[in-house]
Structure formats: C-alpha cells, structure tokens
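Okay, structure first, notes after.
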Amino acid sequence: MEGIQLATQVTPWLASGRTLFLLIHLLGITGFAYIVAMRLVPLLRAQRDLRFDRPLARVGKVLKFGLAQWKHPRYRVAGILHIFIFAGFICLVIRAFYVLIVGVSENFVMPGLSGEAGHVYNIITDYSATVVFLCMVIAIVRRLVFKPARYAVPEKFGKAHTADAVFLLALIAVLMLADSLFSAARAAGQAQQGQTVEVLAAWSLPWMLKSLLASSSLSALKDVYFGAYLLHEVTFYFLLCYRPFGIQFHVETSLFNLYFAKLERGTVKPVRYGVSDEHLDQVKSFGVKTFEDFTWKHMLDFYSCADCGRCSDNCPANAVGRPLSPRFITTKARDYAFQHYPMFGKSTNHQPLIGNLYSEDEIWSCTTCGACEEECPLLVEYIDKIVDLRRGMIDDGNVPQSLQKPLKALESRGNPYGKLEKKRADWANAKEFRQTCPVKTLDGKNHADTLYFVDSVTSYDDRMQSIGRATAKILDHVGENFGILGAAEKDSGHEVRRFGEETLFMALRDHNVDAIKASGAKRIVTADPHAFNALKHDYKDLPPVEHISQVIASELKSGKIKFNAVENVDDVYTYHDPCYLGRHNQIYDDPRNVLDAIPGLKRVEMSRSRDRSFCCGGGGLAMFYEPKEEERMGVKRVRMAAEAGANVIVTACPFCMVNIEDAIKVAGMEGKMTAIDLAELTEKQMMRESPVVETKGTVEIQQESVAGR
Amino acid sequence: MEILVCARRVPDTSENEITLNSAGNDIERDELVYSVNEPDNYAVEEALQIVAKAGGNVTVVTVGGEDDEEILRREMAMGAHHGVLISDEAFSGSDGRGIATILKTFVQKGNYDLVLTGVQAEDGGAQVGGMLAAMLDYPFASLVNSIEVLDGRKLKIGREIAGGNREISEIDLPCVLSIQTGINEPRYVGMRGIRAVASVPIPTYGVSELGIDPGAVGEAAARVKRVDYFLPQLGKGAEMLEGSREEVIDKLVELVAAKGGLK
Amino acid sequence: MARIFAYIVHKGGVADDSAAELAAAARKIDATGSPTAVVTGWGAELDTVCNALRGSYTEVWKIANESLAYPNAELVRKSLVKVLPAGSVVLVSHEHFGIDLAPGLSVKMNAAFVSDVLGIEGSEDSHLKVVRQEFGGQVSAHVDCDISSGAVVTVRPGAFKPLENVPAGGSLIDKSADVGALTAGRRYLQTVVAESGDVDITQHSVLVSIGRGIQEKDNVAMAQELADAMGAALSCSRPVVDAKWLDKSRQVGSSGKTVKPKVYLACGISGAFQHLVGIKGNPFIVAINKNPKAPIFQVADVGIVDDLLEFLPELTNKIREMHNVPAKRTA
C-alpha cells in the first residue's frame, strides 16, 4: 500500500468493491426513481389544484415552516429533537453525496470543499452525525419507554405504528453509525500508516469510534472501512427506497408540500378548480366519492404526513370521543393509495371512500375548527378534504335525517329554524329597546354607510337576540350611521358551505350579495364570527368587513368608548377564542384589549387559548346534528375555564354562547359559572353620556312563540 | 314492479305559521312555503327502495295545476322515473272522493302493480288512498310502516296500530297502501338535484286524456265542502292552575281529556 | 233524517271507549233519534260486547263471522255493505281501524265521507255541519257535508263527552246470516308488540316530556308510568339524553326530533329555544315546573308550579282511577 499524503485522497481500500458499489448505486437510483414514478401515478389521475401562483409567497412558506421549522416547537421535546435532526440532515447532505461517490471515484473531492473549507465542513458533519445519532436514540427511547399518548393507535384504526417507527429510527442511527465508522476507520488507518490524519471533531461519534479502533490491526481496519462503506451505501439506498412506503416519505415530499400549501385562510376550495360557478351544472359529480376525486395536492398531503399525531391531539372531536381522528383520515388514505396503486401491476378497484375507508359519522363529526391545520408542521390540509367528502355524500343524497330539516328551512326561509323571513328583524322591535335605540332597515328608503349583518342565530334565537341589541347599542353609542338588511338578509351560508351543500350556499350568497350591494353600504360590521368569515373570505367583491370586537377595540383607542369599573371585583373572567375569529382570522388581541380596558376586571388565560383554543362545538350545522360522543365539547371547555380559576366566560360568538351556556347547565355548574358575550359586556360597562339614563343592560328577552299563537 | 305514488303539494306545516287572512274566509297564503306532503315523500322513498331491489319504475302523479309541477320535479330529482300532472279546470273544487275518482281513471290507464299514497295531507282527510282502493277494488292498507316484497305477487306489510304495536298482514298485488312517516329515511334532495331536472318534460292529463266524466268530479259533484276557517281559542301565556294539588290535578285531567290527551 | 249507525271496535270482550263517544256524537247529529250500534267479530267475546252495549244503545246489530275474529277492515267493510241500509250515516272512531275502514266503506255505500270530526253543529236539509281541524291543528274549519245519499263520518277520539243519560235495555239483532262468506285480498298474520326502543315519538299525539327537573335516572320511571297511564309516549329534552337517562331517539329539539303532538306535557323542562323549536303544530302544552319564572310558562297553555317528583305520581294515580286501574301507592 502506498502512503497517501493528502487526507482527502482516498485510499485504494475500496478499489476492490468498485463494481459492487456501482451496481448498488444503479439499483438504488433506478429503484428510487421507479418508486417515485409509481407514487406519482395517482397524482396524475387526480383532480387539478391551482397551486402555481405567487411563487414568492410560497417560497416564504418553505423558508418559514421548512427551513425555520416554525411549528415544531409547539410540542417542545419532539419539536426540538426534530429541529436538531433536520439541521443535522441539512448539514449532512453534501457529505452523503461525497461518501456515495467515493466508492466509485476514489480521488473524488467535493468542489469547493478542498482545503480549509473542507476541514470545517468535516467538523460540522462529525458533530451533525453525532447529534442525529443521539436524537435517534432519544427518539427510540421516547417511543418505547415514554410512549407519548398522541402516537397511540386506537383499536379501530389498526395496530400500533411503534415497530415501524422504531425500525426507521434505528436505520437512521445505523446510517450515522456507518458513516462515523467509515470516517473513524480511515482516520485510524491513516494514523497507523503515519499519514496525515483527517482531524475528527473532538468527542464526536467518529472521534469516539476512532479511539475504539486505535489498536486494531491494519487489515482489520481495512475490513471495517470496507464494511462500513458497504453498510452505509446499502442503508442509504434502503432508506431511500423504503421511505416512500411509509411516514418517512415526508423527507422527500415535505418541502414540496410546503411550497404548494394553501395561501388563503378561512375559505373552502371551489367544487372544481377551473370551473366557475356558472358552469358548475356541467360537473357530473360533486365532491370526493372515490380516491381519484381528491386533488393531487391532497394526495401529496397523504404522502407527506409524518404520523406525528399533533392534529388529533388538538382535535376537539377526537377529544370528546367522536369517531373522527384527523391523523387517521390521512394515514388511512395513504395506506389506501399504497394498496391500490402498487409498485407492480395495475391500480385495483376503486371503491367509494364513504362506507369503506371512512364512516359517515367520521366525516360529519368535524366542526371545521381548524385546530388540526393550525398544528400540522407539514401544513397538511383537512377542512377542504372533509368538505369535499361531505359534498360527495350530499350529492348522493346521503344526509342525516335531522339535518334535512334545517337545510330545507334554509332553502325556503333563509334560516335554519324555519322561522318567517319577516320576523328576522323582530329582535330590534323589543319595546324598551326600540325606544332607546331604533335600528333602521336599509330597504331603499333608508340609507347608511355601515351595514350591521346580523345573521340567523342572533336574529332568531331569543337568548342571542340580546347580542344583536347590545351590538346595535354599541354602534349607536359611537355615533355610527348604521342599518340592517332586515327581512332581506338571509343566512350567510357559512355553515351550509362547510356542510357540503355548495349549491344552497351559492344561492344564499348570491342573494345576500345583491342585498348588500343594493343597500349601498360601504362597510360591514358583524358580531358573528361565522358571518364575518363568510363575508370576508367566501364572498367576493364586498366592502370591507369588521368584527364588532375590532370596532370596540379601535373606538377604545379613539376614546369614543370608555368603561365603567366592574361591579363585582371578585369575578374572574376568561376569554374563549371563537374558532372563526381567532384561529381562522387571527384576531386574538382586540377582544383581550377590550377586556383589559375595563377597570378592575380580573382576567385569566385558559391553558388552551389563542390559536390553541378549544372549539365549543358549534361549527358545521352542529346545532342540528350530533354524532355519537362521550362528552360535549362545550362541557370540556367550561371545565377548562373553571380550571383556569375563572367564573365568567367571555366569548364573541353567538354559536359559542349557545354551546357554552348549554354546557354550563349540563356540567351542573349553574351558579358557579356564567357566560357573557363581548358585545353584551361592552354595552353593560360602557360609560354613557348622560348620568341619569343609565340603562343597566336589562334586556327584554322576547320569546319566540310556538307556531300558530 | 311498476309503482305509482300519488303526491300532493301542501303548505309546509313546519315552516309556516298558519294564520287567517284579513277577510277571515281562508288562511293567509301569501307567504306560505309549499313542499311535497311529508308522508308522500316517504312513499316515494319507499317506492325507490323497492324498485332498487326488485327492478321497475316509479311514477309520481299529482292532481292540481302548474304550481304543483314543482313537487313532481322534486321527487324526480330524488329518483322517480316519471312525473305526471293531472290538470283540468273541471277538476277544481273536487272533494276527496272527486280526487280519488280522477286518480282511479289514471291508474286504470296504466299497468301499476302497487299504488302508494301518504297517510294524510294537511287537511287531515286520510281518505284518498282508501277511496281509490275501493273504487279500483284493490285491497288496501293504511298507516303502513313496513313493506317486504314476497314471491307470487304478494307483499308483507306492517301497519301502525295503538301503543306503538305493528299489525303484520299479507296483501295481494295490485293493491293500494297509504304510507306513514318514519317508514324509512328519505334521501336528501339538494338544490343541485332539483336544478338538474328543471327542464325535464312533464306530461299533463286532462279530462279528455283520462276519458273521465266531468260531471263526476269538480265542485258541483263535491259532497263535502269547507265553509270557512277559524282560529281555535288562543291563550296568552299559560293559564296557571291554582288550588290544592288535588284540585289542580282534577282540573288538569279534565283539560287534557278534552284535548284528546287521555286514551 | 237518515238512520245513524255507530261501528264499535272492541278488544278482549270489552268495547272501546269510543262507543260512548259515538253515541254522544250521534245525538248531536239527530237530537231525537237513537243510533244503532254495529259490532263485528266472533264467539263469546263478541257476545259479551254486544250485551254490554245494550246498556247504552237502544239497538245493537251483531255480525258474527269466523273470518271477522280478527278485525280486518276489508272483510268488515264487505259485511257492513251487505247489512247497512242505503243512505245511512255511519259513525266510526278515527283511529287506526277507522282510518282503514271508513274511506273505502263510503265509496262502496256511495256515501259522503268526512273524517276526524271534533265538533258537530247539527244537520239541516240533508246537510251535516261539522267542525274539523287542518294544518296539524293550527286552524279549525266549518265543513258542510251533503248526506242525502248517506255518510261515513270518523270521529276524533275524546272530542265528544259521553252522554249522561243513556237509554238502557237495548235490543240485540243478529245480522250474521245476511253476510255470507267473506274473502279479502289482505290477510292478518300477527301483531308485533313494541319494545320501548321502538318508540317513534314523532308518531305520538300525546307526549309526556321530561327535562332536568326529573333530577335522577331513577325518577324517569315515574314519568314512564304517567305516560303509560295516559297512553302517551315518553320524550325528553337534551340534558336527559346527555345524562344517558333516555335514548337519543326520545329527544325533542333542534338537534333531536321535531314532534307534532296534540298534547305535550313539559315536566321539569325550562323551555329553552332549542327545545321549543322541536315542537310544531300548536299542541296543547301543559308545563309543570318548580320555577314560576321558567320560560316554558310563556309558551304553555296551562301551567302548574309544583314539585314534579310529588306531582307526577299523584297525577298518574288519578288517571288510573279514571280508567279503573288500581292506584299504586305513592312513596
């Protein structure tokens, strides 16, 4: 053996294996290419998805959520582990290429990494390999010993995924080990032969292995070197080809998935991308009924899921024992794809998804709260898929009986209760209220710049009507020239759309858009976050929309609203973020600022707040249909408030109010917990001009009489 | 199996508040929402389920005018194969027997194995099905809440009787059945489905197509006529019962019995 | 004035309560005449019924035929058509048998038909004036019926109070021979008795409905007893289902079922909007609640402020007394 002078010059120890290594390269690369090609097949058959716009914004997402691993630390331990692993992988990429090439081209030097740069890089990679290896060990221990709850697989969804996870983690550890052994053996060999030794980072894995090998014979080192190289190459290619068969496929697909992630918030995908509303009747089938009805991006989502369970861990439906667990929506679909689009042979029979892969109740269980999407580090989308599956069920006439009535009522009366249109503005006619705060209807005779869009719950539910009155009083107090649409207003259709009845939604939307345009209003205010979200994201070409909490917050700044001190200083308040105000529209601070501006008001934060707020259960026509569950979401939420030490829950959504007040009764906490809407509280605490006429917010509750009386 | 379902368009009782008009001679019809009579909808769903298993066609027929076409379309959006409108000036003002007479001539024009009606409509008559069967000399069963097709031109049916019990009988085809709500879970018909059948042609049958004697139907032939509508006594808020518990119970029992609350 | 017949249903040798009601209704049609009871059946049970009816009808026609042992509307109709004179007015109770029998009978007798009558104003010039309800009881209507060729009238159960003084000692006439052999295209097989899980509250015209005021699962039984005594079904509001004291199929409300009863007893129910929205058709609502300020009192027809747990058993006993069922001891 000739002595080698330069550390970067490869020894001829690998020479004998050159053909073998080349063969493995070829097999590995062609295998991987074939596998990826087969994985792309279903995507080619899928529905289109328009994700090629706004490249800068998309790159931004890749940088934020990919490179900066933005969402990972939400689960501290696993998040930090993953950041290290990811960083380690990034550092090791170039090294990996180098090691692979070295087996066939012995004198290979990575361009740009000869000399000093190369040394520095090698130090980095030594530590990277060590860190990754350690993380693997920790991860395996977590899986086997600590068993975090979110990884568990409920019986109905099959066997635990632990074995597979541990196997993959172990393989990566082996890869790091092989790589380190490779470096260690070479360094040891160089030392023994008196050559310049490639410096190994102190206390790194290769460094430690080198000390173990220090006393081995040269021929032993040669074998270890060769063996480590082979092990590395085989493990590398095995992992490369194995990853597309499981959760680790996210290594390849994640950056793409982040790039193609949804850019708009709060809205639902159209029935068919590229098909305008007017041409929808040409579409033969609405929604997702078979696997191929998903878009290619949704299929990419299925591939990209890392099975981390964070979505299901935050899903309120899952928490109350409903059949839905978002994680398994994805993994079941992925397994379906793998099974029905095999590596060899034709794609097999395409069954309907509902009834085979998913149960109806599983899909009806979702309240569209968005907690899953908020949590997912890979930006996997759920709401669009569930809405699409619902569209498919509705297209087939498969709607739970208890929901057919409100849908029919929405069609004929424009509200889910079936109440008369002409009574929609009755909330404003309560005797006392009408005298102090007349609300005008923008019917062509009356005009105003601001439209207060009330929506159905506030208009008809006799408890929620007080939110309407409070909101009107606030607008009146700040001198806003406003009006309502009255009987011309129909339900915003927000829940209808997320329920999957797109045609009915479009009818409601078109009617409302015409009415809003006819009113001439230049600004829209609403106290209902569902209406807010619909008007802002589902409707197009409307004047700007604000939620009442935003209005109150800005009028606090302007000084038009000042607050009196709270009556009872012992009350402890907590704010419950409504899903469609908070998570979907990211309005977290305005309502809190309003509460904090009330003198003497003690406020605490629940452990699940802001973007981790726990849904009250009100979304998706949930007031008319409940899947089987162990406990109600509202009840869980009310208990959370009590745990935080509060006895008053403040919310800013009539759906939330319905569920929370109900839950207080069901949980047996009447007398210990009360709920109040932000608008009601504001109206109650607002300092009025004249000191004499201090209406203490005694609002007359108007009973909706049983039909016929 | 050729199945005919006789349906009717009625003011939807759950989405309307029924009040008298200002003249006091009819209910206020201006803002009424109409839909297919609920038991008739269950009948169509049942018919669709039967032909899904046994093969055949479902035809939905209604006696009325142009406005009534919409329920035919709705049932066709649900899956009915044919919709037929029976309309003629001569038919207006018919009482239940008149309607049954009209339907009888239509049934005899076709070759139906099974004729279904809903148990009753908004007027609570519960008559057309039974009358139709007697006119056709077909066997009849009312309040049917289960149907099973047997071999040999027979059905096994369940009827709803007192106490939630079910009376099981065998009935020969062809027959007439009046269907009770709850027999099945009707499939949902969305706006999209209804739009899809919006322009399907619907044949109209009048006096000449049916070959019916106009003297036998219509207002002149009607023996039962509604004279007016009026509102029953209304109460404002609850009448609170006072007195000892025994007195209260006595009074309550009397009131409830008068309303038909005791069996 | 045409002859008036009352078709009497019976079970287990006992005539139905409607027998007395039909007699009262007949009196309203013709104040001077007396109706004839018509009974079909077979064997000793039929005889017992006929004899008992002689105590309240001046004439009782018995039609005994083995094929009529179980009441089959088609066979009954065929027998009545053979026996009843043309132009008669036939009264039938508007319940599951009457609904089956009456319309077809009116066709075969070429008589007019009017159903579910709850008031009779009298007859004049062969025109009978009656009161009916439409739209699930939301409106009443005056109806004119031409009875010159006879009529078949079904009468709402409980609408006519039995007469105080009834003519006793009626005569029994056996019309069985006039009937002959009877065949029908429909044959009775069996009766399937309902299990409590089979109850469809949307089909019941009388509901006893409980809310959280029932307080405990053990108390649900006392509400069920009241329902049984009244021939009603037990329903509830949502909290009762959440507590798993009753099945979800019993829930009335926006996320439960929509019901259209004639009578609704709201026991311990506060009257929340989501519950009330499930009650349609303007029923007679009785509210029993400890809290005089409960919103239910705004929509009820009759209100009682009392302790539910004491009130219900006493009410149940009173009703049982009326039906001559021995009262259970209240705890």
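Read-outs throughout are calculated quantities, based only on the coordinates presented, and are distinct from any laboratory measurement. What you are looking at is a predicted structure, and each value in this text was computed from that prediction instead of being measured. Counting neighbours? That spans all protein chains shown, and the Cβs are built from the backbone with ideal geometry, glycine included.
Quick test of the membrane-span-like rule: which DSSP H helices of chain A reach at least 24 Å along their long axis (C-alpha atoms) with mean Kyte hydropathy at least 0.0?
Values: long enough: A:18-45 (41 Å, 1.49); A:76-102 (39 Å, 2.22); A:116-141 (38 Å, 1.40); A:162-192 (43 Å, 1.29); A:218-242 (35 Å, 0.98); A:502-519 (25 Å, -0.04).
The answer, listed by residue number, is A:18-45, A:76-102, A:116-141, A:162-192, A:218-242.
Exposure proxy shown here: for C:Arg77, A:Arg583, C:Arg54, the number of other Cβ atoms within 10 Å sets the order, fewest to most, as C:Arg54, A:Arg583, C:Arg77. In this structure, the amide hydrogen of B:Ser35, modeled 1.01 Å from its nitrogen in the peptide plane, lies closer than 5 angstrom to those of B:Val10, B:Asp12, counting only residues at least 5 positions away or on a different chain. Spin-label pair A:His447-C:Asp178: with each label point 7 Å from Cα along the Cα-Cβ axis, the two points sit 8.3 nm from one another. Once a ≥ b ≥ c are taken as the square roots of the eigenvalues of the Cα gyration tensor of segment B:2-221, is the result rounded (a/c under 1.5), prolate (a/b larger than b/c) or oblate (a/b not larger than b/c)? Rounded shape, in that the Cα axes give a/c under 1.5.
Which of the lysines could a cross-linker bridge to A:Lys289, judged by Cα under 20 Å and excluding same-chain residues fewer than eight apart? Excluding near neighbours in sequence, the set is A:Lys269, A:Lys297, A:Lys332, A:Lys385. Residue-wise HN-Hα couplings along segment C:52-58, as the Karplus relation 6.51 cos²θ - 1.76 cosθ + 1.60 with θ = phi - 60° gives them from phi, are 5, 5, 4, x, 10, 10, 6 Hz; Gly and Pro carry x. The alpha carbons of chain A stretch over 105, 58, 45 Å along the principal axes, in descending order. When you restrict to C-alpha pairs under 8 Å that are six or more residues apart and normalise by the size of segment A:12-259, the relative contact order lands at 27 percent. Highest-first packing order for the peptide set A:451-458, A:589-596 is A:451-458, A:589-596, based on the mean count of other beta carbon atoms within 10 Å. What is segment A:528-674 by shape, rounded, prolate or oblate, if you read a ≥ b ≥ c off the alpha carbon gyration tensor as root eigenvalues and call it rounded for a/c under 1.5, prolate for a/b larger than b/c, and oblate otherwise? Note, shape of segment A:528-674 comes out oblate. Residues B:Val224, A:Val41, arranged from fewest to most other Cβ atoms within 10 angstrom of their Cβ, appear as A:Val41, B:Val224. Of all the options C:His204, C:His127, C:His96, the one that moves most in a Gaussian network model of chain C with Cα springs shorter than 10 angstrom is C:His96. Residues of segment B:79-100 with an amide N closer than 20 Å to a point placed 7 Å from the Cα of C:Ser149 along the Cα-to-Cβ direction: B:90-100. Mean partner shielding of peptide C:257-267, defined as the number of other chain Cβ atoms within 10 Å of each residue Cβ, is 3.
Could you check how many percent of all C-alpha pairs in segment C:196-322 are farther apart than 19 Å?
Numbers: 3177 of 8001 pairs.
Of all Cα-Cα pairs in segment C:196-322, 40 percent lie more than 19 Å apart.
The distance linking segment C:138-214 with segment A:214-263 is 82 Å (Cα centroid to Cα centroid, whole angstrom).
Taking amide H as placed 1.01 Å from N in the peptide plane, A:Val572 has its amide H under 5 Å from the amide H of A:Asn647, A:Val648, each at least 5 places away in sequence or on another chain.
Calculated translational diffusion coefficient of segment A:12-259 (4 °C, 1.567 mPa s; Stokes-Einstein with Kirkwood radius over alpha-carbon pairs) equals 64 µm²/s.
The tail of the calculated P(r) for the protein assembly as shown, taken as Cα-Cα distances beyond 65 Å, holds 24 percent of the pairs. If you sort the three axes of the alpha carbon gyration tensor as a ≥ b ≥ c, you get a/c of 1.5 or more for segment A:403-685 and a/b no higher than b/c, which makes it oblate.
Evaluating 6.51 cos²θ - 1.76 cosθ + 1.60 at θ = phi - 60° for every residue in segment A:448-458, the Karplus couplings come out as 7, 7, 10, 9, 9, 8, 7, 6, 5, 4, 5 Hz, glycine and proline recorded as x. Taking only C-alpha pairs under 8 Å that are 6+ residues apart, what is the relative contact order of segment A:281-395 in percent? Answer for segment A:281-395 is 43 percent. Segment C:1-71 and segment A:588-618 have their alpha-carbon centroids 73 Å apart. Amide H contacts of C:Ile147: C:His127, C:Leu128, each under 5 Å away and 5 or more positions distant or on a separate chain (H built 1.01 Å from N in the peptide plane; Pro and chain starts excluded). Each Cα pair of chain C feeds into the Kirkwood radius, which the Stokes-Einstein equation turns, at 25 °C and 0.890 mPa s, into a diffusion coefficient of 113 µm²/s.
Note on the protein assembly as shown: helix-only mean residue ellipticity at 222 nm, from DSSP H runs of 4+ residues weighted -39500 (n - 2.57) and normalised by residue number, equals -11500 deg cm²/dmol. 3J(HN,Hα) couplings calculated from phi for segment C:28-42 with the Karplus curve 6.51 cos²θ - 1.76 cosθ + 1.60 (θ = phi - 60°) are, in sequence order, 5, 6, 9, 5, 9, x, 10, x, 10, 7, 10, 10, 10, x, 7 Hz; Gly and Pro show x.
Which FRET efficiency value, to the nearest 0.05, do you get for A:Ala565 and A:Ala163 by plugging their Cβ-Cβ distance into 1/(1 + (r/R0)^6) with R0 = 41 Å? It would help to have the intermediate numbers written out before the result.
Numbers: r = 61 Å, r/R0 = 1.50.
According to the calculation, E is roughly 0.10.
With neighbour counts taken as other beta-carbon atoms within 10 Å, the residues A:Leu353, A:Leu378 rank, fewest first, as A:Leu353, A:Leu378.
So what's Rg/Rh here for segment C:4-178, counting alpha carbon atoms and using the Kirkwood radius for Rh?
Values: Rg = 15.1 Å, Rh = 16.0 Å.
Here the Rg-to-Rh quotient is 0.94.
Enter the Cα centre distance for the pair segment B:195-225 and segment C:263-306, rounded to the nearest angstrom. Centre-to-centre distance over Cα atoms comes out at 45 Å.
Find the eigenvalues of the gyration tensor of the Cα atoms of segment A:307-387, then list the square roots of 5 times those eigenvalues as equivalent ellipsoid semi-axes, largest first, in whole angstrom.
Values: eigenvalues 121, 45, 19 Å².
Gyration-tensor ellipsoid for segment A:307-387: 25, 15, 10 Å.
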